[in-house]
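Please read the structure below before turning to the comments.
The values are calculated or read from the model by the stated rules, or taken from the named source; none is laboratory data. Keep in mind the model is a prediction, meaning the values are calculated, not measured. Glycine also receives a Cβ, built like all others from the backbone with ideal geometry; neighbour counts cover every protein chain displayed.
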Amino acid sequence: MRWKLGLTLASAFFAAQLQAKNGPIVTIESGKIQGAAETDASPIRIFRGIPFAIPPVGDLRWRAPQPVSGWSGIRPATEFGPRCMQQPLFSDMMFRSAVPSEDCLYLNIWTPAKLGRSPQARLPVLMYVYGGGFITGDSSEKRYDGAALARHGIVVVTINYRLGVFGFLAHPELTAESPHHSSGNYGLLDQVAALAWVKRNIAAFGGDPSHITIGGESAGSMSVSGLMASPLSRGDIAGAIGESGALMQKLTPPSRVEAEQKGAAFARTIGAPTLAALRTLSADTLLAAQGKAKDMPFYAVIDGYFLTESPSVTFSSGKAAHVPLLVGSNSQEASGTAVFGNGAPTVASYRAGLRRALGDKADEVFALYPARTDADVLPAATALASDDFLALPTWKWFDLQRRTGAPTYYYYFTRVRPRLVSDTSGNALPWGAVHSAEIEYALGNLDTNPLYAWTNDDRKVSATMSAYFSNFIKTGNPNGGTLPVWSNASLNPAKIRRQVIDVVTYGAAFHDQTRYEAAESLLYMH
């Protein structure tokens, strides 16, 4: 008996050693998966390439995501799944997935919890949605790596969703076959499915299914605003983070009928006028056609299912998720050259650019973004271009949520990113913090991006911003420790403050609120 007991203990020991070597095993609704340790010394466990829906290929192309079929045995979860079909458009994106594919509905999890048969931890969860204009991006991108936030006691999830023509094609025949009489938002429905999957399964990774914060940047931020508004997802959210973008103002989605008309025209142009013909086309053929369709937007749609109305209406009526919101934008979301052109920034070139773009509204807009001297032109034109691109819609989202009384925090990121390591030109750095520059700082991932010559000041900014994000994910409030106090937005517009995030971080009166209100009325209220 003693011999048998010794053999049993030895077997258990070697089995444990084998599991430690090969990675942790977790049981989820569809079967067992085996992840990996970040390093031998790290408590972080990583599960990559977990399917949250079956591949949307063949007859499932342009259908809502379908539940995963179960598997027997142990499925490896050590490699990122394929990224969704896309053209290589953004050079600063560093993907770790091997290939693009229509078979792309996978997610990744970083957890600091001790995993076992029934993990006791119930840690806060962040589900992060990538940016890329709804036409590119991937959950494997280095900037979105979840290890840094996981080390702060957070379970981090990054998800894939269909892009471009595969994720956002509306068509009358697609609407007709839909049980919800909708089409066009397949990429957003992927996000809904991923959120639901996280809610059902995240406890196995030590996460709290009742404490899921959703976050994203650019198109990911727009997605977060949509998930807060959608009746399909707004009840599953504990908090939200939006970095530069919202489905509001000029970014308000078109109606389903308008999107269907454009989708049908696109299909006729590529010689596939019927849905059956479209589904016979190869993924590469469709991707090539997307690249040539310069006037065909692949974008969110007010489809009557994911979005039943304009998101601004949902927020203003108080129907959106009534949860804490941390949101903000960067000081150079767009370049001032978009206004005054490629020549020197002079008052004359600035006024000429305004007249070209705005006609008889040029003088009124100039009064909102004045430039008395040539030296004033670059900051004024940059502010105008940035507001028109993303800052105004982002502010609108903030303002509508603030008015509901939900805890709401606004940041203004001004840290100018250092030059590329390979840049020996000596050219001047951008005037402000360019679009997407905050991602590495906010997620604590400077070291994942070796392209830039990060300094100690950059690390200081990252420590501050990532601590704000971490606190917010945990408590719905970014404050804590020795961080500069960040005020919750007041219901009184005159008392609203925003947090300026840079080497010196501080709260400041939000004077741009008045300008935003005037610009909204002038530019978008027709």
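Give all pairs with beta carbons closer than 9 Å in which a residue from segment 377-398 that is outside the structural domain of PHE510 (by TED's automatic domain parsing) and on the phi > 0 side of the Ramachandran plot meets a residue that is surrounded by 24 or more Cβ atoms within 10 Å (Cβ to Cβ) and not polar (S, T, N, Q); count only pairs at least 6 apart in sequence or on separate chains.
none
If the requirement is being farther than 19 Å from GLN86 by Cβ and in the same structural domain as PRO112 (by TED's automatic domain parsing), which of these qualifies: PHE205, PHE168?
Within the list PHE205, PHE168, the selection yields PHE205.
Which fully enclosed helices (runs of 4 or more DSSP H) of segment 357-475 have 1 or more residues being hydroxyl-bearing (Ser, Thr, Tyr) and closer than 20 Å to PRO345 by Cα?
374-386
What's the number of the condition ILE496 fails, among (1) over 23 Å from TYR144 (Cβ atoms); (2) surrounded by fewer than 16 Cβ atoms within 10 Å (Cβ to Cβ); (3) β-branched (Val, Ile, Thr)?
(2) is the only condition that ILE496 fails.
Confirm whether VAL327 is surrounded by 18 or more Cβ atoms within 10 Å (Cβ to Cβ), in contact with a strand residue (DSSP E or B) (Cβ under 8 Å, 6 or more places away or on another chain) and not in a loop (DSSP other than H, G, I, E, B).
Here the answer is yes, as VAL327 does meet what is asked.
Of the residues PHE266, PHE298, only one is assigned by TED's automatic domain parsing to the domain that holds ALA170, surrounded by 16 or more Cβ atoms within 10 Å (Cβ to Cβ) and under 22 Å from the mean Cα position of the chain (by Cα); which?
Result: PHE298 is the single residue among PHE266, PHE298 that is assigned by TED's automatic domain parsing to the domain that holds ALA170, surrounded by 16 or more Cβ atoms within 10 Å (Cβ to Cβ) and under 22 Å from the mean Cα position of the chain (by Cα).
Of the residues that make up segment 200-210, is at least one surrounded by fewer than 23 Cβ atoms within 10 Å (Cβ to Cβ), outside any helix (DSSP H, G or I) and of a type in the set (S, T, N, Q)?
yes
When segment 478-520 is examined, which residues are found to be under 19 Å from ALA463 (Cα atoms) and assigned to a strand (DSSP E or B)?
Correct list: ARG498, GLN499, VAL500, ILE501, TYR506, GLY507.
List the residue pairs whose Cβ atoms are under 9 Å apart, where the first residue sits in segment 509-522 and is in the same structural domain as SER386 (by TED's automatic domain parsing) and β-branched (Val, Ile, Thr), the second is loosely packed, with under 15 Cβ neighbours inside 10 Å and assigned to a helix (DSSP H, G or I), and the two are 6 or more positions apart or on different chains.
THR514/PRO493
So how many residues does segment 224-263 have that are surrounded by 24 or more Cβ atoms within 10 Å (Cβ to Cβ), out of contact with any Gly (no Cβ under 9 Å at 6 or more places or on another chain) and farther than 30 Å from ASN477 by Cβ?
Residues in segment 224-263 being surrounded by 24 or more Cβ atoms within 10 Å (Cβ to Cβ), out of contact with any Gly (no Cβ under 9 Å at 6 or more places or on another chain) and farther than 30 Å from ASN477 by Cβ: 0 in total.
Suppose the filter is β-branched (Val, Ile, Thr), in contact with a Phe, Trp or Tyr (Cβ under 9 Å, 6 or more places away or on another chain) and touching a residue at least 60 places away in the same chain (Cβ under 8 Å); does ILE214 pass it?
So ILE214 passes the test.
Here are some residues: THR274, THR280, THR337, THR285. Which one is of a type in the set (S, T, N, Q) and in the same structural domain as SER470 (by TED's automatic domain parsing)?
Going through THR274, THR280, THR337, THR285 in turn, the sole match is THR337.
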